[in-house]
1. Residue under question is residue B:48, and the condition is that it be of a type in the set (A, V, I, L, M, F, W, C) and either without any contact (Cβ under 8 Å) to a residue 60 or more places away in the chain or within 10 Å of chain A (Cβ to nearest Cβ) (or both); does it hold?
2. So residue B:68 fits all but one of (1) within 17 Å of residue B:109 (Cα to Cα); (2) away from chain A (no Cβ under 14 Å); what number is the exception?
3. Which of the residues spanning the stretch B:66-96 are under 22 Å from residue C:95 (Cβ atoms), hydrophobic (A, V, I, L, M, F, W, C) and either at pLDDT below 90 or buried (at least 17 other Cβ atoms within 10 Å of the Cβ) (or both)?
4. From the set of residues in the stretch B:110-160 that are facing chain C (nearest Cβ under 10 Å) and among the small types (Gly, Ala, Ser), which is nearest to residue A:153 (Cα to Cα)?
5. Could you tell me whether any residue of the stretch C:17-29 is more than 13 Å from chain B (Cβ to nearest Cβ) and among the basic types (Lys, Arg)?
6. Out of the stretch C:115-130, which residues are over 15 Å from residue C:10 (Cβ atoms) and touching a strand residue (DSSP E or B) at 6+ places or on another chain (Cβ under 8 Å)?
7. Could you list, ordered by first residue, the pairs with Cβ atoms under 7 Å in which the first is in the stretch A:107-123 and hydroxyl-bearing (Ser, Thr, Tyr) and the second is in a helix (DSSP H, G or I), at least 6 apart or interchain?
8. Select, from A:32, A:64, A:89, A:27, the only residue that is touching a strand residue (DSSP E or B) at 6+ places or on another chain (Cβ under 9 Å) and not β-branched (Val, Ile, Thr).
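The values are calculated or read from the model by the stated rules, or taken from the named source; none is laboratory data. Owing to the predicted nature of the structure, the values given are computational and were not obtained by experimental measurement. Cβ: placed from backbone, ideal geometry, glycine included. Neighbour counts: every protein chain shown.
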Amino acid sequence: MTLDANKKTIIVFSGDLDKAMASFIIANGAAAMGNEVTMFFTFWGLNILRKPEKVRTRKSFLEALFVWMMPRGAGRLGLSKMNFGGMGAFMMKTIMKQKKVNTMQELIETARSLGVKMIACTMSMDVMGFKEEELVDGVEFAGVATYLGEADEANVNLFI
Amino acid sequence: MTLDANKKTIIVFSGDLDKAMASFIIANGAAAMGNEVTMFFTFWGLNILRKPEKVRTRKSFLEALFVWMMPRGAGRLGLSKMNFGGMGAFMMKTIMKQKKVNTMQELIETARSLGVKMIACTMSMDVMGFKEEELVDGVEFAGVATYLGEADEANVNLFI
Amino acid sequence: MTLDANKKTIIVFSGDLDKAMASFIIANGAAAMGNEVTMFFTFWGLNILRKPEKVRTRKSFLEALFVWMMPRGAGRLGLSKMNFGGMGAFMMKTIMKQKKVNTMQELIETARSLGVKMIACTMSMDVMGFKEEELVDGVEFAGVATYLGEADEANVNLFI
């Protein structure tokens, strides 16, 4: 017997390509199997949701520096291991293309079409220096209390 | 319907500033919402609980070397990404101060006052070379069986 | 009151020695306490299950390069922090030997004898370029749907 077997949450803390892929493959798999899925993006994970183009925003010098040093969106993520300044990520993306595995951008698109709820953590947006308009459309904004409310109703809760 | 919705556990494996912050923000949020929260510190996560001052203990040469190379307490943690020998952590702490976000030390203090149970994993203390007197007050000591007992009663269990 | 308190799942995404140890210590502890445990190995975690000897397989150039750069089996894993080109892992293994803590190979052996189910993620095997014959015996092969089915029945689900 299982309980609330139709709800899952994933905290996406990491902004690495490999961990982002794992997060969306699990989320999309669960959603395709009829689950209600909430992804809560925090810290480096926010980079996955960044718009690929530059967005002008008011930032302090330190915020601007911090944000500038981080990858702008799902297409520019690195690997958590063996990235070698982007070579590793490029190799993995090349292999994925050869095998017709979905790209990160396609995984996000699928998540959206399957109704996966994507929430950006407002507190880490503040600490990292991100403004709402820098993230892709369809993202909701909330804090840890919202996450905990969702997790209370889920039977699988992961931190990635 | 939810079950045991008032208990959460977090394994704090990482000793990085960003992941330590995430752990305590979730733990404190859950405790503030009336949950019983257990944090189980293991491997690098033990560094978060180290006393900031030097503590004299009997150690083998390898233990002493290992312990000496790790950060002494919550005030000296680095970032998991973009640390640049401490510059990244310093930048993030500066931004946090400007935005009046709680420091790690304040987060630990809050956890204590909210009754969050902090357990140090005795097995990894042994492997890493830590003695009980090197950790801050109020920490309990136990092994994986204790963690599993707590996790069995919780509805959210994270590994960070 | 707890539900399905006798089932646990762990996604082993990391191939670092320290995280691999944590995964198996939790898995073996839970199995020893009478739990049904499923470990789902994906991405770098697949390296933990590699046979230590070279296995001849047909691979594309990129696959061969990728696989060649990764550690061949549980005996060659590095630490997630302070690895220093293998020195850190060597130090930790030396300390573990002095303290008679189980090696990774022994932990895997124990898991097997306790009936822990080890599943290799077929999708990441494909992306990383691994063939079935490169992994140790007793491993099952399945995808994310199998993981989600197991997780639905478990009361503790971790991502490591």
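1. Values: of a type in the set (A, V, I, L, M, F, W, C): yes; either without any contact (Cβ under 8 Å) to a residue 60 or more places away in the chain or within 10 Å of chain A (Cβ to nearest Cβ) (or both): no.
No; evaluated as a whole, the condition is false for this residue.
2. Every listed condition holds for residue B:68 apart from (1).
3. Within the stretch B:66-96, B:66, B:67, B:70 meet the criteria.
4. B:154
5. Looking through the stretch C:17-29, none of the residues is more than 13 Å from chain B (Cβ to nearest Cβ) and among the basic types (Lys, Arg).
6. Of all residues in the stretch C:115-130, those over 15 Å from residue C:10 (Cβ atoms) come to C:122-130.
Selection gives C:122, C:125, C:130.
7. Sorted first by the residue in the stretch A:107-123, then by its partner, the pairs are A:110/A:28.
8. From the options A:32, A:64, A:89, A:27, the qualifying one is A:27.
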